[in-house]
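Below: the structure, in structure tokens.
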Amino acid sequence: MNAHIIGTGSFLPAKVVTNFELAEHMDTSDEWIVSRTGIRQRHIAVGETTAGMALEAAKRALEDAGMQPEELEMILLATVSPDHIVPSAACEVQAMLGAKNAVAIELNAACSGFVFGLNTAQAYVRAGIYKKILVVGVETLSKIVDWSDRSTCILFGDGAGAAVLTADENAGIQDFIQFADGTKGEALLCDAKPLRNLFVQNEQKQEHVRMDGQEVFKFAVRRVSESIDQLLERNSLATQEIGCYILHQANARIIQSVVKHLKEDGEKFPMNVERCGNTSGASVPLLLDELNRAGRLKRGEKVIMSGFGGGLTWGSIYMIW
Ligand code: COA
């Protein structure tokens with residue numbers, strides 16, 4: 001049995017912030033941001049919460065799947081920007097949905113989070129433990145980016161996406177490949193709370209995202225290309241057989257470099273980074289939901305998904321839609 005996506009949903013905060021609006025607050029320009037990243041605007045939360053956005057995306061995915069929340073056996077929620085440390089956003093979504101029969105687990109793999117969530121769902125389905133699983137990717141990155149650092153804050157946006165999966169004998173996830181390299185963690189970093197207790201009061205931490213942009217760029221192009229190559233090779237697939245590649249929407253130039261490496265048709269690599277920016281763990285399910293609702297994905301079509309980001313983490317999935 002494979003974990004097979006039967007419904008998708010997404011949610012974006014109402015406030016849209018264009019590059020021009022950012023340029024009113026910092027020394028940047030639409031021309032610089034578009035030429036380096038392909039991003040023209042992003043959605044920024046001004047009242048929305050991480051759990052609230054996840055809930056909306058989850059409700060829409062359940063409706064699309066024709067499934068009731070009580071039927072769910074597991075909720076896997078990927079985020080690096082929850083509202084609380086405890087309870088997890090996964091548990092908050094479980095409560096708000098009324099998914100009382102589902103265990104709820106949060107997963108932190110940064111921008112690879114949703115892809116790793118799907119892989120985890122696949123492992124549970126393959127093991128015969130669960131059949132009905134909700135996977136959510138959600139971020140309120142606007143609260144952890146450093147708004148005084150123009151080289152990072154212009155990249156990110158907020159939002160949520162979700163997918164409902166059931167066990168299927170044929171369609172669904174056929175194979176996946178996933179990696180981590182903790183030795184390169186400093187390339188994309190955000191500290192948690194500092195050590196402060198009765199005995200230590202002075203540790204300084206930077207509770208904002210810091211990034212070595214060029215290092216991350218090189219990592220992404222190399223590792224995403226490699227992981228797709230490996231997946232195609234071990235499943236004896238030619239690129240011509242793949243109908244669609246759904247890549248983490250970090251930067252249009254990263255995606256264009258992967259297209260070039262694979263000698264593929266750019267049309268097979270849909271993007272929404274122009275409108276949403278980099279929404280980390282939410283980017284793959286946001287794009288997936290857009291494509292699903294637009295009828296862009298055909299049942300039986302072979303699809304590749306890839307995630308990459310902080311950790312460093314990366315991975316790809318081969319699925320039959
Ligand atoms: N507006 C205008 N100028 C900016 C700017 C901004 N928002 N941000 C940085 N600059 C300036 C720098 O200060 C620097 O100026 P200097 O040459 O006078 O020192 C110049 O632009 C070049 O900076 P650099 O950091 O070398 O730019 P870059 O070409 O590497 O582009 C990124 C920066 C972040 C767009 C690019 O490295 C990138 O896309 N990296 C991948 C990031 C990513 O996708 N991360 C998430 C992965 S999940």
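The values are calculated or read from the model by the stated rules, or taken from the named source; none is laboratory data. All figures in this text were calculated on a predicted structure; none of them were measured in a lab. Reconstructed Cβ throughout: ideal geometry from the backbone, glycine too, with neighbour counts over all protein chains shown. The area values use the complete protein model at the heavy-atom level, side chains included, leaving out ligands, DNA and RNA. Shrake-Rupley method; radii C 1.70, N 1.55, O 1.52, S 1.80 Å.
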Check the straight Cα-Cα distances from Lys131 and name the aspartates and glutamates below 16 Å, setting aside those fewer than 8 residues away within the same chain.
Glu70, Glu71, Glu73, Asp168, Glu169
Over what distance in Å are the Cα centres of the stretch 1-34 and the stretch 90-113 separated?
23
Would you be so kind as to identify which of Ala54, Val138, Thr166 lies farthest towards the positive end of the dipole of the chain, taking Lys and Arg as +1 and Asp and Glu as -1 on Cβ and the Cα centre as origin?
Thr166
Please give the calculated 222 nm ellipticity per residue for the chain, where each DSSP H segment of at least 4 residues contributes -39500 (n - 2.57) and the sum is spread over every residue; nearest 500 deg cm²/dmol?
-9500 deg cm²/dmol
Quick check: net charge around Tyr318, other residues with Cβ under 15 Å of its Cβ, Lys/Arg +1 and Asp/Glu -1?
-4
Can you return the aspartates and glutamates within cross-link range of Lys260? Criterion is Cα-Cα under 14 Å, with same-chain partners fewer than 8 residues away left out.
Glu226, Asp229
Given the chain reduced to its alpha-carbon atoms as identical point scatterers, what log10 I(q)/I(0) does the Debye formula return at q = 0.08, 0.11 Å⁻¹?
-0.33, -0.64
Can you return the lysines within cross-link range of Lys193? Criterion is Cα-Cα under 30 Å, with same-chain partners fewer than 8 residues away left out.
Lys15, Lys143, Lys184, Lys205, Lys218
Suppose every K and R has +1 on its Cβ and every D and E has -1 on its Cβ; what is the size of the dipole of the stretch 62-204 about the Cα centre, in Debye to the nearest 20?
260
What does the highest-first list of 136-149, 107-120 look like by mean Cβ count within 10 Å?
107-120, 136-149
How large a share of the accessible area of the chain, in percent, is made up of carbon and sulfur atoms when the probe is 1.4 Å and the other protein chains stay in place?
50
So if I place +1 on the C-beta of Lys and Arg and -1 on the C-beta of Asp and Glu, and nothing else carries charge, what would the dipole magnitude of the chain be about its Cα centre? I want it in debye, nearest 20.
320
antiparallel share of DSSP beta bridges within the chain, to nearest 5, in %, is 70
Over the chain, give the accessible area per residue in Å² for a 1.4 Å probe, as an integer.
43
The Cα extents of the stretch 60-199 along the principal axes, largest first and rounded to whole Å, are 49, 34, 32
Whole-number D in µm² s⁻¹ for the stretch 16-72, Kirkwood Cα-pair radius fed into Stokes-Einstein, 37 °C, 0.692 mPa s:
233
Among the chymotrypsin sites (Phe, Trp or Tyr not before Pro) in the stretch 186-240, which ones are in a DSSP loop with at most 15 other Cβ atoms within 10 Å of the Cβ? Mind listing them?
Phe199
So if I place +1 on the C-beta of Lys and Arg and -1 on the C-beta of Asp and Glu, and nothing else carries charge, what would the dipole magnitude of the stretch 174-258 be about its Cα centre? I want it in debye, nearest 20.
280
